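Engineer: I have a structure here, written as structure tokens, and I will follow up with some questions on it.
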Amino acid sequence: MASKARGAGQKGWLWPAFASPGLLWLTLLFLVPFYAIFSIAMGYLDPVLNFALPVWNPAQWDPSIFGQVWGEVFGGQLGRISLRTVAYVAVASGLCIAIGYPVAYYIARRSGKRKTLLLVLLLAPFWINYLMRMLAWVNLLGNDGYVNRLLMFFGVLDAPRDWLVGLPETVILGLVYGYIPFFILPLYAALDRIDNRVLEAARDLGATPWQTFRRVTIPLSKQGILAGTVIIMLPMFGDYYTNQLLSGNPKTRMIGNEIESAITSGVNLPRGAALTVLLMLFVAILMVYYLFSVTRASREVS
């Protein structure tokens, strides 16, 4: 009895002890910086030094700057930028799904002995810095770049097109190129876990290959689609360097560019912090929906 009680006591503190390094890491690198950002958003701008001063005491927080930014999000230029960001991210995510699902499906279900090679090729972009890959696209999309050369060779264009003058399609395709590997990997994992016996059972019951794919494969890979979509959408909302490198035009400006400009200017730190907090709250809604969907799916399975 004593040994059982001792074992139960060990189990009571053993697993929390394993989780403590992660909790400490999360506290130091997320909660503390988030509180600092919130303190700056609720702080004030020193009129003499022209510098943002954070207010650490919540009882002394001034929500005026935060409320001003909140009002601008629902009207004026900042509202248009927010809607543009949502539209860009939605279209880019849709393209990632349309392009990434066939790739993930082929690697997981049809690649055979080539699966390892294809996975290595899929991971190859992670070996190169994201900014370097975007700079390579700047050269490819130039007036004398290979994109214009190919399009002119096949007769799609009669003359070179300037892709870097602020075209929405250039920014969206840049987001797709940069983040699609992050979508394919979790989707591949979900598709690879599907039991072949389930698919065989569907065929034995008279389902055609298309019906098996539509009624069995897609529903079983739904969590992988949702996980991959969340993984790419979260950084897309805060992305500013893709737009900055491939466009740099105010007509394609995203919310991440507004935050970057406010912070680097040095005099609009409270505004940048308030925008960051609002963006985090919006992203948190997506995370809550994802967690709710995962919990509901696990309950249905159990």
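Read-outs throughout are calculated quantities, based only on the coordinates presented, and are distinct from any laboratory measurement. No experiment lies behind these values; they were computed from the predicted model shown. When we count neighbours, we look across all protein chains shown, and the Cβ atoms used for this are built from the backbone with ideal geometry, even at glycine.
Engineer: Quote the FRET efficiency, to the nearest 0.05, computed for residue 154 versus residue 90 with a Förster distance R0 of 30 Å and r equal to the Cβ-Cβ distance.
Structural biologist: E(calc), rounded to 0.05, equals 0.50.
Engineer: Still on this structure, please answer the following. Report, ordered by chain and residue number, the aspartates and glutamates lying within cross-link reach of residue 251, taken as a straight Cα distance under 18 Å and ignoring same-chain residues fewer than 8 apart.
Structural biologist: 72, 162, 169, 239, 260
Engineer: Modelling each spin label as a point 7 Å along the Cα-to-Cβ direction, I'd like the residue 146/residue 130 distance in nm, to one decimal.
Structural biologist: 2.3
Engineer: For an R0 of 22 angstrom, estimate the FRET efficiency from the Cβ-Cβ distance between residue 222 and residue 25 and round to the nearest 0.05.
Structural biologist: 0.10
Engineer: Once you list every other residue whose beta carbon is under 12 Å from the beta carbon of residue 191, what net charge do they have if Lys and Arg are +1 and Asp and Glu are -1?
Structural biologist: Value of the local net charge: +3.
Engineer: Can you tell me the convex hull volume per residue for segment 17-105, based on C-alpha atoms, in Å³ to the nearest whole number?
Structural biologist: Here the figure is 180 Å³ per residue.
Engineer: If the elastic network links every pair of Cα atoms under 10 Å, which of 127, 15, 56 fluctuates the most in the Gaussian network model of the chain?
Structural biologist: Highest fluctuation among the options: 15.
Engineer: Let me ask you something else. List the aspartates and glutamates whose Cα lies under 20 Å from the Cα of residue 113, skipping any in the same chain that are fewer than 8 positions away.
Structural biologist: The reachable aspartates and glutamates, counting only those whose Cα sits under 20 Å from residue 113, are 192, 195.
Engineer: Just the projected area, averaged over all directions, of the convex hull on the alpha carbon atoms of the chain: how many nm²?
Structural biologist: 25.4
Engineer: If you take the C-alpha gyration tensor of segment 125-211, multiply each eigenvalue by 5 and take the square root, what semi-axes do you get, largest first, in whole Å?
Structural biologist: Output for segment 125-211: semi-axes of 40, 19, 10 Å.
Engineer: Next up: Springs between alpha-carbon atoms under 10 Å, Gaussian network over the chain: tell me which of 23, 53, 175 tops the mean-square fluctuations.
Structural biologist: 23
Engineer: Report the label-to-label distance for residue 215 and residue 197 in nanometres (one decimal), using points 7 Å from each Cα along the Cα→Cβ vector.
Structural biologist: Result for the modelled spin labels: 2.1 nm.
Engineer: Still on this structure, I have one more. Largest first and in whole Å, give the semi-axes of segment 47-154's equivalent ellipsoid, each being the square root of 5 times a Cα gyration tensor eigenvalue.
Structural biologist: Calculated on Cα positions only, the semi-axes equal 44, 22, 18 Å.
Engineer: A further question on this structure: Please identify, among 113, 251, 222, the residue showing maximal mean-square fluctuation in a Gaussian network model of the chain using a 10 angstrom Cα cutoff.
Structural biologist: Its mean-square fluctuation being the largest, the pick is 113.
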